[in-house]
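First up is the structure itself, then whatever we jot down about it.
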Amino acid sequence: MEYFSLGRDFTCFNCGKKDIGNISCPNGHYVCDECHGKGLFDTVKDYVLTSKSVDPIEIAEYLMELNNVPMLGCENAWIAAGALMAALKNEGTAKVTDEQIVEALNRTRRQAIGGYCGLTGVCGIAPAIGACFSVVLGAACSKDRETAAAMSVVVRILGTIAKETGPCCCKNFVRKSLIEAVKMVKEHLGVILPLATENIVCKHLDRHPHGCRKEKCSYFGKV
């Protein structure tokens, strides 16, 4: 992929939409955000709505292993939001509904935009986790503590992700963000969720287009 510091005029290779973008393939082909990952949104949604697990990492790992889920991209943000919301629903204390899960996924889809981790400093997984807390807490512009809590969650997730860059890795970001999110679930919601993190072995080394961080990553080489 080619990355441009200044946005350029593109025509989506799939739908023909005129757009301004910062990323294309070396041959100049561009895919708009609406077409990117088309079909996968429903795959993520359908799975998290039927999962029975209370471990968000377990849910996320299953989805990240699917062949049609790209190594990098905001599909991983959908996975993070769906995994956390599904785990909360299945645990039961927070009374999360299927409608709230879909709401968090829809909000994430609107703010998780490909490449913007580097272009604006905001990885889509941060608003994904923020959307989960916002939905559960009932945050809105007119609210006080609920909105402050959701914003503080996003700040912590961004801080967690920032420590894992060089280059960016969505799989790592999902795992680290969910670990931090589980801590905040306990703080803000009084809910304890299990996390099976000790045996995570990343299987995506050869898929990374920018090169795996290898020993810099917590999930490299644990065979």
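Nothing in this text is a laboratory measurement; each read-out follows from the coordinates by a stated rule. Quick caveat: nothing in here was measured; it's all calculated off a predicted structure. Cβ: placed from backbone, ideal geometry, glycine included. Neighbour counts: every protein chain shown.
Positive-end ranking of 102, 136, 92 along the dipole of segment 40-195, with charges on Cβ about the Cα centre, is headed by 136.
Comparing 97, 50, 160, which has the greatest mean-square fluctuation in the GNM of the chain with Cα pairs linked when under 10 Å apart? Of the options given, 50 has the highest mean-square fluctuation.
Straight Cα distances below 23 angstrom link residue 52 to the lysines 89, 95, 171, 176, 183, 186, with same-chain residues fewer than 8 positions distant left out. With respect to the chain, whose longest principal axis is taken over its alpha-carbon atoms, helix 125-137 is tilted by about 30°. Computed from the Cβ-Cβ distance with R0 of 41 Å, the FRET efficiency linking residue 214 to residue 27 stands at 0.90. Cα-based values for segment 40-195, radius of gyration first and Dmax second, are 13.9, 42 Å. Using only the alpha-carbon atoms, how far is helix 98-111 inclined from the longest principal axis of the chain? Give it as 0 to 90 degrees, nearest 10. Between the helix axis and the principal axis of the chain, the angle is about 40 degrees.
Each other residue within a Cβ distance under 10 Å of residue 101 adds +1 if Lys or Arg and -1 if Asp or Glu, for a net charge of -1.
The trypsin sites (Lys or Arg not before Pro) of segment 56-142 meeting both criteria, a DSSP state outside H, G, I, E and B (loop) and at most 10 other C-beta atoms within 10 angstrom of the site's C-beta, are 95.
For segment 179-213, applying the loop criterion from DSSP together with a ceiling of 16 other beta carbons within 10 Å to the trypsin sites (Lys or Arg not before Pro) yields 203. Scalar couplings 3J(HN,Hα) for segment 166-171, obtained by applying the Karplus form with A = 6.51, B = -1.76, C = 1.60 to θ = phi - 60°, are x, x, 5, 9, 4, 5 Hz; x denotes Gly and Pro. Estimated from the Cβ-Cβ distance and a Förster radius of 25 angstrom, the FRET efficiency linking residue 111 and residue 183 is about 0.65.
Stretched out straight at 0.36 nm per residue, the stretch from residue 95 to residue 207 would grow longer than its current Cα-Cα span by 36.5 nm. Within segment 63-102, what residues put their amide N at less than 12 Å from the label point 7 Å along the Cα-to-Cβ vector of residue 34? Correct set: none at all. Relative to the dominant Cα principal axis of the chain, helix 75-91 is inclined by about 10°. Dividing the convex hull volume of the alpha-carbon atoms in segment 12-61 by its residue count gives 108 Å³ per residue.
Listed by Cβ neighbour count within 10 Å, with the fewest neighbours leading, 215, 103 appear as 215, 103.
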